[in-house]
Amino acid sequence: MHKIRLARQNDLDRILFILNQTTLDLKQKGINQWHYPWDDNKVLNQVMNDSTYILLLNNEIVGTFCISEIDKINELQVEPLSKYLTQIAILPELQGMNLGKRIINFAGSLVEELNKPLYLDCWAGNKKLKEFYLNNNFVFIGDYPEENYFVSIFQYNFNLGSAKGKFKFV
């Protein structure tokens, strides 16, 4: 049974564990978009600001992600108060079980109800992840510089298939 809920302060250790494990797994694959280890205070602030969510599988936290408000992403100016889906992290041993798709469906459903645009990005060299986003209602906007690499920016497209009713928030 999958559930998604806002993270609480007592979830912090598990969230940090998942973020750090996912980051190490990415680094082993040559993807260096995230810094290791994660900053405890940064993640705590995200939790306290109600932008961090957790994914539960059989009542165990197995994933985390953030949805925050943005006015611009990298150099790209976007509609004020757009939503930004970031820090999608699923325990490496559970990847490939469609849990990422559940997070995307949840975020899509949320922004449809709010009638707000949704953006996300990933390292431009991650072809598998870019294809995943394209197959899950996102359209490619472009590649933009970030630090010493490029990120690919995507926007959720409501017209590619409604996410409403696909996932229930608890």
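The values are calculated or read from the model by the stated rules, or taken from the named source; none is laboratory data. Since we're looking at a predicted model, the values are computed, not measured. For neighbour counting, all protein chains shown are included, and Cβ atoms are generated from backbone atoms with ideal geometry for every residue, glycine included. Keep in mind that these areas ignore ligands, DNA and RNA; they rest on the heavy atoms of the full protein, side chains included. Shrake-Rupley method; radii C 1.70, N 1.55, O 1.52, S 1.80 Å.
For the stretch 65-75, residues that are out of contact with any helix residue (DSSP H, G or I) (no Cβ under 8 Å at 6 or more places or on another chain) and in a strand (DSSP E or B) total 5. Every test in (1) closer than 25 Å to L24 by Cα; (2) assigned to a helix (DSSP H, G or I) is passed by S109 save one, and that test is (1). The listed residues are V62, V78, and the only one of them that is part of a strand (DSSP E or B) and farther than 25 Å from Q155 by Cα turns out to be V62. Somewhere in the stretch 25-41, is a residue part of a strand (DSSP E or B), within 26 Å of G96 (Cα to Cα) and open to solvent by 30 Å² or more (accessible area, probe 1.4 Å)? No, that holds for no residue.
Y84 meets the conditions (1) open to solvent by less than 50 Å² (accessible area, probe 1.4 Å); (2) of a type in the set (F, W, Y); (3) within 23 Å of L24 (Cβ to Cβ) in every case but one. The failed one is (3). Taking I18 as the residue in question, decide whether it is within 16 Å of the chain's Cα centre (by Cα), touching a residue at least 40 places away in the same chain (Cβ under 8 Å) and part of a helix (DSSP H, G or I). Yes. Among the conditions (1) within 28 Å of D13 (Cα to Cα); (2) open to solvent by less than 40 Å² (accessible area, probe 1.4 Å); (3) in a loop (DSSP other than H, G, I, E, B), the only one that N136 does not satisfy is (1). As a summary of the residue check, K72 satisfies the conditions (1) open to solvent by 90 Å² or more (accessible area, probe 1.4 Å); (2) over 17 Å from the mean Cα position of the chain (by Cα) except for the one numbered (2). Do the conditions hold for I141, that is, is it among the β-branched types (V, I, T) and either part of a helix (DSSP H, G or I) or in contact with a Lys or Arg (Cβ under 6 Å, 6 or more places away or on another chain) (or both)? No, not satisfied.
Would a scan of the stretch 154-164 turn up a residue that is modelled with pLDDT of 95 or more and farther than 24 Å from R5 by Cβ? Within the stretch 154-164, one or more residues are modelled with pLDDT of 95 or more and farther than 24 Å from R5 by Cβ. Summed over the stretch 1-38, residues that are hydroxyl-bearing (S, T, Y) and touching a Leu at 6+ places or on another chain (Cβ under 9 Å) total 2. Once the stretch 87-106 is narrowed to residues that are among the aliphatic types (A, V, I, L, M) and in a loop (DSSP other than H, G, I, E, B), the residue that is most open to solvent (accessible area, probe 1.4 Å) is M97.
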